[in-house]
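Since the structure comes first, as structure tokens, the remarks are kept for the end.
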Amino acid sequence: MKYIVSSTTGIDHITASRNIKIIHLDPSEILEVSATAEFTLALLLSLIRKIPFIDADNVGNRLAYRGTQLRGRKLGIFGMGRLGRRMARYAEALDMVWLGYDLDSKAERKTEILKTCDVIFATPLSRGEFGKAAWNPRYWWARPTFALGCSSCILW
């Protein structure tokens, strides 16, 4: 093998040996790219408004499709890099409160997010951290209504 090609900016998830060249995205090339965060926001809006569950044969039943309004809800963000910061700005635009967790955050912040947030957003490199917390019986009291992961369209 001569190359490992990754469509990511970070490469700390790749272990290469010997003379294998790693080709990846330069973070400076995608600073203004917002498509991933926009898609995540669209996914959140469609879920919270129950758009995927609309049944053409039952559109008259308005109560079945009553969604939740985001204004005043709390968004927990695992990973405060480029995508996490953009989601925080979207949350502010929607009059949401947000809490962020990153590598330098205290462990209590993770617990606070899982305990108090209505929506959880996890960036690709933070999903491992979120996954450990979400599947740990210690955190089964977590209250999020929705949990979203970007880049791979993962829902928990």
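Each reported figure results from applying straightforward, stated rules to the coordinates on display, with no laboratory input. Note that this is a predicted model, so its numbers are computed, not measured. Here the Cβ is made from the backbone with ideal geometry for all residues, glycine too, and neighbour counts use every protein chain on show.
Counting other Cβ atoms within 10 Å of each Cβ, which trypsin sites (Lys or Arg not before Pro) in the range 36-79 have at most 15 and sit in a DSSP loop? Don't skip to the answer; put the middle values down first.
Numbers: sites: R49, K50, R62, R66, R71, R73, K74; in loops: R49, K50, R66, R71, R73.
Sites meeting the loop and neighbour criteria: K50, R66, R71.
Fewest Cβ neighbours within 10 Å first, please rank D26, D95 accordingly. If you can, show how the numbers build up before the last one.
Working: D26 8, D95 11.
Sorted ascending by nearby Cβ count, the order is D26, D95.
What FRET efficiency would be calculated for the residue pair I20, D102, taking the C-beta separation as r and a Förster radius of 30 Å, to the nearest 0.05?
Working: r = 30 Å, r/R0 = 0.99.
Computed FRET efficiency for I20 and D102 comes out at 0.50.
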Query - Sites matching GluC sites (Glu not before Pro) across the range 1-48 that sit in DSSP coil, with at most 10 neighbouring C-beta atoms within 10 Å - result: E32
Report task. Enumerate the amide H contacts of A122 below 5 Å, restricted to partners 5 or more residues apart or on another chain; note that Pro and chain-start residues carry no placed amide H. Result -> F78, L148, G149, C150
Query raised in the report: Which aspartates and glutamates, on any chain, are close to K2 with Cα under 19 Å apart, when same-chain ones fewer than 8 places away are left out?
Result: D12
Query raised in the report: Could you name the lysines in cross-link range of K50, using Cα to Cα under 23 Å and dropping any fewer than eight places away on the same chain?
Result: K74
Requested in this report: Multiply the residue gap between V33 and K115 by 0.36 nm, knock off their C-alpha separation, and tell me the result in nm, one decimal place.
Outcome: 26.4 nm
